[in-house]
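Rule-based calculations on the coordinates, nothing more; no lab input. Keep in mind the model is a prediction, meaning the values are calculated, not measured. Please note: Cβ atoms are built from the backbone with ideal geometry, for glycine as well, and neighbour counts cover all protein chains shown.
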């Protein structure tokens, strides 16, 4: 459990760093955008109104920077991420929480599919070195090197615009349907999610395949695998032995990859006008809505840290050496 | 070195990378039009490729080919700057952490780990968003900022490699002779880390291309500053892929360029990996070559298939089946 404790410490420190960056960045930038925000929100109103706005955006000029920093923490701990500039009275928290379920559903499902599929294909590629799967690797490298959103644009162009198999945009048919818990709505949502999910899988699967394949090749040369074969175990059992051990680095690689995948998925959402965080992000960029941008950064950071923590638990569960270390 | 140059992966990768480097230098001179010039102000839809516009035009009748050629320089430059700066940081942090050990290692590793788990793209969006979209963006500055978020992966790898090296006899003897720490790191340890440094450099350049393209696609960087990402931004804005008249000539070239540049760098990276770890290389055997060499179709466990130089068949070492 020492590993888990160490990792949790790291995540807590990272979260503190992220929050601190978030607080100081606007105040260190040339021209102090924090004050510019204020200028944008107020339109020459009474001193009381200005004071109220200052309070709302946490940029009170009187409390001094450390006072503001403490204030910022107090706000955050109360779940207050600030107020949107663009959708004015709406809080950043409410904007994010209405977009978050879409992103979590899409990215979560696609990532799990990609990881499982990639790992299995990686095992297959290692087992049959030099087969057609290996020849596919350069093509998969392209999909990995190309930005997610370009893969998304290709997917829209081919499967939605050209072939018309899937809807090209949005999370559900906003014109004809209202969100409800019935089959019609759910199937419509699934129909709209297939293409974005496919894009994320296609763009991220190559990394898992290559990682697993390379690890599997190394593992297959271990003595215990040779022994398992010498004992005459059926092939699928031998593969199972090797794969279980080769899987470990891929699980720890998950922690590294999740940040990239989430970022890529946000861009994918933009191409599909999918009503998730990515879409909120691009709208906020367009209208210089800094509080929302910063809120999104914090939420994504926390989501990534939680995903990392889960990967660590899985790792500890899979690797008895770590469990016994304590 | 010769072995390195025989690998098809290395060769393809080198070819692609050199081609894109050439494009970055010569592109703006080769562009037939100005990327901003509007060929016509009356036509409102993107025109398909023609003799006058080899890659067609955008919705506002700008020449796609010229944008591609001009935008290449900024894209390649930013990613190279990001790669160089991030690699320097990675070497500094990684080797120092691995060699010095103790509290310096704890501190530097903690820093690297924080940057490793901090999601880079959202952070960069906040930074660039706050910097403001106005003004003429500076490619060098963009490269530096991207590098600041991309050095941690290389640093972690270099630290691990340095750790395994610091207790080697030759390093110990250098220490006993009285060489200074920085000298040992720079002249005794670093030369043995060249493949790792190269991999980490290529990795960060790939990261730089992807990140820069993503940032300009999002429109956080001035959208009149031509790069492949900006081209995709405008194409997406005009719904070039969603339009019933699919404007493939608009979104395909910049996307393919980013993808091919990245693929070239990634292939170089795989080539170096295989050079360092020859076991991975056996996969370079195509089915035909393997059969001709008399290798079993399905590789046996416990042995790495190795092609003999010219011998007709392998000495049959039948591993347990």
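Could you work out the mean count of beta carbons from other protein chains within 10 Å of each residue's beta carbon in B:106-119?
Per-residue shielding by partner chains comes out at 5.
Test of understanding: what is the full-extension gain from residue A:13 to residue A:120, defined as 0.36 nm times their sequence separation minus their Cα-Cα distance?
Separation in residues times 0.36 nm, less the Cα-Cα distance, equals 35.0 nm.
If I model a spin label at residue B:224 and residue A:165 as a point 7 Å from the Cα along the Cα→Cβ vector, what separation in nanometres do I get?
4.2 nm
Can you compute the FRET efficiency between residue A:321 and residue B:29 using 1/(1 + (r/R0)^6), with r the Cβ-Cβ distance and R0 = 60 Å? Round to the nearest 0.05.
0.50
So, by mean Cβ neighbours within 10 angstrom, what's the order for A:258-267, A:244-253 with the highest one leading?
A:258-267, A:244-253
Can you pull the three principal axis extents for the Cα set of the range A:208-326, in Å, largest first?
67, 36, 18
In Å, what is the Rg of the alpha-carbon atoms in the range A:88-231, and how long is Dmax?
Cα radius of gyration and Dmax of the range A:88-231 are 20.2, 71 Å respectively.
What order, most packed first, do the peptides A:111-120, B:249-258 have when packing is the mean number of other Cβ atoms within 10 Å of each residue?
Those peptides, ordered most packed to least, come out B:249-258, A:111-120.
Sorting A:221, B:139 on the 10 Å Cβ count, fewest up front, what's the list?
A:221, B:139
Packing-wise, with mean Cβ within 10 Å as the measure, how do B:50-62, A:268-280 rank, highest first?
Put in order of decreasing packing, that is A:268-280, B:50-62.
Kirkwood-based Rg over Rh for the range A:257-326 (C-alpha set), two decimals?
1.19
Please work out the ratio of the alpha-carbon Rg of the range B:58-99 to 2.2 N^0.38 Å and round it to two decimals.
Normalised Cα radius of gyration, the range B:58-99: 1.97.
What is the gain in length, in nm to one decimal, between residue A:158 and residue A:132 on full extension, counting 0.36 nm per residue of separation less the C-alpha to C-alpha distance?
In short, 6.9 nm is gained.
Past the 17 angstrom mark, what percentage of all C-alpha to C-alpha distances in the range B:210-280 do you count?
Roughly 53 percent, once rounded to a whole number.
Only counting other Cβ atoms within 10 Å, I'd like A:212, B:231 sorted with the fewest neighbours first.
Listing A:212, B:231 from fewest to most nearby Cβ atoms yields A:212, B:231.
Along the Cα→Cβ direction, 7 angstrom out, place labels at residue A:65 and residue A:190. What is the inter-label distance in nm?
5.4 nm
Give me A:312, A:223, B:105 sorted ascending by neighbouring Cβ count inside 10 Å, so fewest comes first.
Neighbour counts put them in this order, fewest first: A:223, B:105, A:312.
Take every residue in peptide B:251-261, count the Cβ atoms of other chains within 10 Å of its Cβ, and give the average of those counts.
Mean partner-chain Cβ count within 10 Å for B:251-261: 4.
Let me know the Kirkwood hydrodynamic radius for the range A:206-257, please, with Cα pairs as the basis and the value in Å to one decimal.
11.4 Å
Across peptide A:284-291, what mean number of C-beta atoms from other chains lies inside 10 Å of a residue's C-beta?
3
At what distance in nm do the modelled label points of residue B:12 and residue A:27 sit from each other, each positioned 7 Å from its Cα along Cα→Cβ?
With each label placed 7 Å out from Cα toward Cβ, I get 5.2 nm.
Return, ordered by residue number, the residues of the range A:87-125 whose backbone nitrogen is under 17 Å from a label point located 7 Å along Cα→Cβ of residue B:273.
A:115, A:118-125
If I stretch the segment between residue A:73 and residue A:20 completely, what's the gain in nm (0.36 nm per residue apart, minus their alpha carbon distance), one decimal?
Full-extension gain reported as 18.2 nm.
FRET efficiency for residue A:227 and residue B:173, Cβ-Cβ distance as r, R0 = 56 Å, nearest 0.05?
Rounded to the nearest 0.05, the efficiency is 0.90.
Would you work out the relative contact order for the range A:199-326, in percent, from Cα pairs under 8 angstrom that are 6 or more residues apart?
24 percent
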